[in-house]
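Okay, so here's the structure we're looking at.
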Amino acid sequence: MSDNELIWRVAGGSGDGIDSTSQNFAKALMRSGLDVFTHRHYPSRIRGGHTYVEIRAAGHNVQSRGDGYNFLLALGDSFARNPQEDAYYGNEELKPLAENLDELREGGVIVYDSGLIDEEDAASLDLEARAEENDWHVYPMDLRSLAREHGREVMRNTAGVGVTAALLGMDLSHIEDLMEDAMPEKILEPNLEILHEAHEIVTEEFEFTHDLRIPEGEHDEEQALLSGSNAITFGSIDSGCRFIAGYPMTPWTSVFTLMSQHLPEIGGISEQVEDEIAAAALAVGASHAGVKAMSGSSGGGFALMSEPLGLAEMTETPVVLLESMRAGPSTGMPTKPEQADLEFTLYTSQGDSQRVVFAPGTVEEAYDQTRMAFYIAYEYQIPAIIIYDQKLSGENTNVPVSFFDREPEPTLGSTLTEAELEEAVHDASGKFHRFQHETENGVSPRSLPGQKGGRYLATGNEHTPEGHICEDPDNRVTQMDRRLQKLEEIRRELDEEHESQQTYFGEEDATYGIITWGSSQGVVEEAVERLNEQGHSVKGVGVSDMMPFPEQEMTEFLESVDEAMVVEMNVSAQFRGLIQKELGRYGEKLTSLLKYNGNPFEPAEIVEGYELNIEGSDTEPTAQMRLEPAAGD
């Protein structure tokens, strides 16, 4: 945690424009030279319900949400179902203020829309007494009335940004530039007017009692503000993907939407179909026909893809699938992050799994590992799955534009040309031996429909080299062993021919390790840095290769430490279970720190978990987490 940082939380109701307002403000902060990281919290409702977005901004690198926040802009919920205190869900109009006070740092700033949250509402929260106790600086302002004067109530968001900029001493030029880029002329002028009017009112009429100001920073090169969904989209397109099929489901929908926007521009096809079974089947069919293809879903939607996934494994059809996790089971909490679909993703479908699963931890890794997933899928003719969650999907951070300066990869991997097919093995009927018994690495090169000399049968049953259904025991063992050999070869190639997809941080010679996976990586890295600054000996690793598991790397890491804590967002310690399945001899070294309340970790929570574990305390963590001891303790 740094004192020289702004963590700005804007809160309102779903439908109040909170997300778009925060994105534009984050871009303005980025363009002013700051590193930014956003965190989004929203209900599973189209209109109404408390929602907020945090923007953490500093002159140094930030890679996670912070500990609490220090500036609240509470707009109130204009879509509240019932603003009465005794309503079933409480006074929803007031929740953007009421439900955000507990995490506001001491000395923080509060701006609330007194046009929607009046003095009586504020008094019901004991706001004045709490402000005095916590040294909060409270600035009520009637943003609603100001917006109505300019014609549209939604412009109270713009007024709120103007108030924020004035209180922080922030120049309006970057905000104005963004508005000019995004808004048509007829709404641009009134928005610029209300931005300046709100800024002037605060500057001229408010007495500043706080010392929070905009941090200073400078970028060496051009930056882009991107989410994990953006990165997966760009990684897919740069890999040559030209087909996607899907059915909307939060949070997978964001990638599906982005791909649907961009694919037609480059000659690709996007299909929204009737359900997730059809979506995955279409992607498998498109890939069989000779195009790089993908599909995906979340939770229950991905469950429906189990059968087409098994078909892709048996027919050795390359395809990339996305599993965008959310809190379950069943519908669960559809807009909240959780990392509880790992075991499901690794093992769903029929029989022994023959797939690759990557779990990127950052926006940059989401791009790189999406490209790796397409490469592996089409080189080894195997389904590749990217597993991520609502946190990585929706959080935005700045990335240098130069990071994406890569060559595209449109090739179809181990696919034969017609000239090569002339020399390939065929049976007496002329059918191509698509599923050969004898291969060097488990991969039997494929042909595409319509190629001369490439005819074969594709079936979900076990089959002979040319594809005929076959239940002969010898053939079954040979084909199964060959397909599973691919995982060994993929692991060998990842270990020997590519940079590691695991991310290491902390002191190399540290004696205590913290292990995590997926979107928890950034917050763990910050916690490790903080622990080392406090004099502890800690290092960490964010693991991305779920299948095939990086046995060699993780053995070396676990051999190098006395103890290790596994940090993940689920109740059943699924990743710790995977480590123990692959490397059971290290089970007594592993402790779990688990969080599953719908909110991602903050750095201080991981520091606290480490301290409680090292001290051997029976005390429960102060946050809603669970510390699970090592096996044998």
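The values are calculated or read from the model by the stated rules, or taken from the named source; none is laboratory data. Worth saying up front: this structure is predicted, and the values here are computed from it rather than measured. Cβ coordinates were reconstructed from backbone atoms using ideal geometry, including for glycine residues, and neighbour counts include every protein chain displayed.
See the values below:
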{"quantity": "Filtered residues of the stretch 109-128 (kept if modelled with pLDDT of 95 or more and of a type in the set (Val, Ile, Thr))", "calculated": "Val109, Ile110, Val111"}
{"quantity": "Residue within the stretch 296-304 that is under 25 Å from Gly267 (Cβ atoms) and part of a loop (DSSP other than H, G, I, E, B) present", "calculated": "no"}
{"quantity": "Count of the stretch 545-589 residues which are out of contact with any Phe, Trp or Tyr (no Cβ under 8 Å at 6 or more places or on another chain) and either basic (Lys, Arg) or touching a residue at least 60 places away in the same chain (Cβ under 8 Å) (or both)", "calculated": "10"}
{"quantity": "Any chance Ile237 is surrounded by fewer than 19 Cβ atoms within 10 Å (Cβ to Cβ) and out of contact with any strand residue (DSSP E or B) (no Cβ under 7 Å at 6 or more places or on another chain)", "calculated": "no"}
{"quantity": "Every pair of residues 6+ apart whose Cβ atoms lie under 9 Å, when the first sits in the stretch 277-302 and is outside the structural domain of Lys336 (by TED's automatic domain parsing) and among the small types (Gly, Ala, Ser) while the second is at pLDDT 95 or above and surrounded by 24 or more Cβ atoms within 10 Å (Cβ to Cβ)", "calculated": "none"}
{"quantity": "Of residues in the stretch 610-633 being part of a helix (DSSP H, G or I) and surrounded by 14 or more Cβ atoms within 10 Å (Cβ to Cβ), the one modelled with the lowest pLDDT", "calculated": "Ile614"}
{"quantity": "Qualifying residue in the stretch 69-84 (condition: charged (D, E, K, R) and surrounded by fewer than 17 Cβ atoms within 10 Å (Cβ to Cβ))", "calculated": "yes"}
{"quantity": "The lone exception for Ser537 - which of (1) buried (at least 22 other Cβ atoms within 10 Å of the Cβ); (2) more than 19 Å from Glu365 (Cα to Cα) it fails", "calculated": "(1)"}
{"quantity": "Of all residues in the stretch 444-458 being charged (D, E, K, R) and over 13 Å from Glu316 (Cβ atoms), the one that is surrounded by the most Cβ atoms within 10 Å (Cβ to Cβ)", "calculated": "Arg455"}
{"quantity": "Residue within the stretch 551-558 that is touching a Lys or Arg at 6+ places or on another chain (Cβ under 8 Å), hydrophobic (A, V, I, L, M, F, W, C), outside any strand (DSSP E or B) and over 18 Å from Gly361 (Cα atoms) present", "calculated": "yes"}
{"quantity": "Test: Glu185 is among the acidic types (Asp, Glu) and without any contact (Cβ under 8 Å) to a residue 40 or more places away in the chain", "calculated": "yes"}
{"quantity": "Which listed residue, of Gly522, Gly513, Gly542, Gly467, is outside the structural domain of Leu309 (by TED's automatic domain parsing), surrounded by fewer than 21 Cβ atoms within 10 Å (Cβ to Cβ) and in contact (Cβ under 8 Å) with a residue 24 or more places away in the chain", "calculated": "Gly467"}
{"quantity": "Among residues of the stretch 263-276, those that are touching a strand residue (DSSP E or B) at 6+ places or on another chain (Cβ under 9 Å), in contact (Cβ under 8 Å) with a residue 24 or more places away in the chain and surrounded by fewer than 24 Cβ atoms within 10 Å (Cβ to Cβ), counted", "calculated": "7"}
{"quantity": "Only listed residue being at pLDDT 95 or above, over 21 Å from Asn597 (Cβ atoms) and outside the structural domain of Ile606 (by TED's automatic domain parsing), chosen from Asp86, Asp16, Asp35", "calculated": "Asp35"}
{"quantity": "Options Leu558, Leu583: the member that is over 25 Å from the mean Cα position of the chain (by Cα), among the aliphatic types (A, V, I, L, M) and over 26 Å from Glu533 (Cα atoms)", "calculated": "Leu583"}
{"quantity": "Residue ID - surrounded by the fewest Cβ atoms within 10 Å (Cβ to Cβ), chosen from residues in the stretch 179-216 that are of a type in the set (A, V, I, L, M, F, W, C), within 33 Å of the chain's Cα centre (by Cα) and part of a loop (DSSP other than H, G, I, E, B)", "calculated": "Met183"}
{"quantity": "Single condition Gly160 does not satisfy, out of (1) touching a strand residue (DSSP E or B) at 6+ places or on another chain (Cβ under 6 Å); (2) more than 22 Å from Gly49 (Cβ to Cβ); (3) surrounded by 14 or more Cβ atoms within 10 Å (Cβ to Cβ); (4) not polar (S, T, N, Q)", "calculated": "(2)"}
{"quantity": "Out of Val528, Val607, sole residue that is surrounded by 20 or more Cβ atoms within 10 Å (Cβ to Cβ) and either in contact with a helix residue (DSSP H, G or I) (Cβ under 6 Å, 6 or more places away or on another chain) or of a type outside the set (A, V, I, L, M) (or both)", "calculated": "Val607"}
{"quantity": "The stretch 388-414, subset under 18 Å from Met333 (Cα atoms) and not polar (S, T, N, Q), residue surrounded by the fewest Cβ atoms within 10 Å (Cβ to Cβ)", "calculated": "Gly394"}
{"quantity": "Test: residue in the stretch 224-236 that is more than 29 Å from Gly59 (Cα to Cα) and touching a helix residue (DSSP H, G or I) at 6+ places or on another chain (Cβ under 8 Å)", "calculated": "yes"}
{"quantity": "Qualifying residue in the stretch 42-65 (condition: touching a residue at least 60 places away in the same chain (Cβ under 8 Å), under 19 Å from Leu225 (Cβ atoms) and in a strand (DSSP E or B))", "calculated": "yes"}
{"quantity": "The listed residue being in contact (Cβ under 8 Å) with a residue 24 or more places away in the chain, part of a helix (DSSP H, G or I), assigned by TED's automatic domain parsing to the domain that holds Gly33 and not aromatic (Phe, Trp, Tyr), out of Ser254, Ser145, Ser229, Ser236", "calculated": "Ser145"}
{"quantity": "Conditions (1) in a loop (DSSP other than H, G, I, E, B); (2) under 18 Å from Thr315 (Cα atoms); number of the one not met by Gly430", "calculated": "(2)"}
{"quantity": "Residue match in the stretch 328-344 (condition: of a type in the set (Gly, Ala, Ser), buried (at least 21 other Cβ atoms within 10 Å of the Cβ) and either under 13 Å from the mean Cα position of the chain (by Cα) or in the same structural domain as Asn230 (by TED's automatic domain parsing) (or both))", "calculated": "yes"}
{"quantity": "Tally of residues being of a type in the set (A, V, I, L, M, F, W, C) and over 28 Å from the mean Cα position of the chain (by Cα) across the stretch 464-511", "calculated": "6"}
{"quantity": "Filter result for the condition that a residue is surrounded by 14 or more Cβ atoms within 10 Å (Cβ to Cβ) and in contact (Cβ under 8 Å) with a residue 40 or more places away in the chain, over Asn461, Asn441, Asn475", "calculated": "Asn441"}
{"quantity": "Residue within the stretch 94-109 that is assigned to a loop (DSSP other than H, G, I, E, B), touching a residue at least 12 places away in the same chain (Cβ under 8 Å) and more than 30 Å from Gly228 (Cα to Cα) present", "calculated": "yes"}
